[in-house]
Structures are given as C-alpha cells and as structure tokens.
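The values are calculated or read from the model by the stated rules, or taken from the named source; none is laboratory data. Because the structure is predicted, anything quoted here is derived from the model rather than measured. Cβ coordinates were reconstructed from backbone atoms using ideal geometry, including for glycine residues, and neighbour counts include every protein chain displayed. Side chains included, ligands, DNA and RNA excluded: accessible areas come from the protein's heavy atoms. Shrake-Rupley method; radii C 1.70, N 1.55, O 1.52, S 1.80 Å.
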Amino acid sequence: MSTTSTVIEHIVLLKVKPDTSDEDIKKLVEGAQSLRAIPGVISVTVGATFAEEWMPDRRHGHTHTLSCRLESKEALRVYQDHPLHVKVKKECLLPVLAEPPMAVDYESSVVLGDSTGK
C-alpha cells in the first residue's frame, strides 16, 4: 500500500569560487546540513555536482547543489526568515560563492510505500 503527500522542494544551485579551500567546503556542507534543525524542514541534501565522461556537461558552471524538502509553503517562509538560515547563508555560503545562487521552489507529490504498487 502506498500513500501520497505534498511537500515543497527548495533547490539551490551554487557556483563556488575555484580557490575555495576544502575547509570552507566542509563548513558549507556542515552549515547546510544544520538547516535540518529548522521547524518544517523534512530533509536537507548538499553535494558537489558532477558530469561523467559519457554524458554532456549540463552544469553551466554550478559546482554544488543544496536541496531542502519542507512540509509546506508556510514552512518555506519560516525557513527563509529563520535565524539559523540567515546565519548559514551569511557565514558559510555567501563568502565562497563566485556569483549569486540560483534557487527554485516547487510543490511536489511524494509517493511512499512499496515499489510493487500494491
């Protein structure tokens, strides 16, 4: 048996400066992961983008991606204004960016349950 719920996806594409240290990348990743503590955030993922040799490079210079899944549009509003988000953005994200991030938000249906469709 499967169930469906609606969530908000917040996707941020980042262009990190080429000379960014491994320590600053680690700070970016850990800061992003800490956003899970904000009420209404279901999950957070962050990582470096890649292109395999067998596929076209579609990154357009974006080196990292942050994805947050939130419970609702209201949770997105809380997230945007939350002091932790403001702090992480100011201290961990903006200092390493080569240009402003590209962000999109969308509403999505999530189907949970077994893969047999029963």
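Observations on the model:
- Scan of region 32-44 for residues that are at negative phi and open to solvent by less than 50 Å² (accessible area, probe 1.4 Å), ordered by number: Ala32, Ser34, Leu35, Ile38, Val41, Ser43, Val44
- Pairs, first more than 23 Å from Asp81 (Cα to Cα) and in contact (Cβ under 8 Å) with a residue 12 or more places away in the chain in region 37-59, second among the β-branched types (Val, Ile, Thr) and part of a loop (DSSP other than H, G, I, E, B), C-beta under 9 Å, six or more apart: Ala48/Thr63; Thr49/Thr63
- Here Lys15 meets the list (1) within 25 Å of Val110 (Cβ to Cβ); (2) out of contact with any helix residue (DSSP H, G or I) (no Cβ under 6 Å at 6 or more places or on another chain); (3) touching a residue at least 40 places away in the same chain (Cβ under 8 Å) almost entirely, failing just condition (1).
- Meets criteria (part of a strand (DSSP E or B) and modelled with pLDDT under 95) for Thr45: no
- The residue of region 45-85 that is surrounded by the fewest Cβ atoms within 10 Å (Cβ to Cβ), among those that are closer than 20 Å to Glu99 by Cβ and of a type in the set (D, E, K, R), is Arg58.
- Candidates Pro39, Pro56, Pro100 - the one that is part of a loop (DSSP other than H, G, I, E, B), closer than 23 Å to Val7 by Cβ and either within 16 Å of the chain's Cα centre (by Cα) or not small (Gly, Ala, Ser) (or both): Pro39
- Scope region 103-118; condition assigned to a strand (DSSP E or B) and either out of contact with any His (no Cβ under 8 Å at 6 or more places or on another chain) or open to solvent by 70 Å² or more (accessible area, probe 1.4 Å) (or both); matching residues: Val104, Asp105, Tyr106, Glu107, Ser108, Ser109, Val110, Val111, Leu112, Gly113
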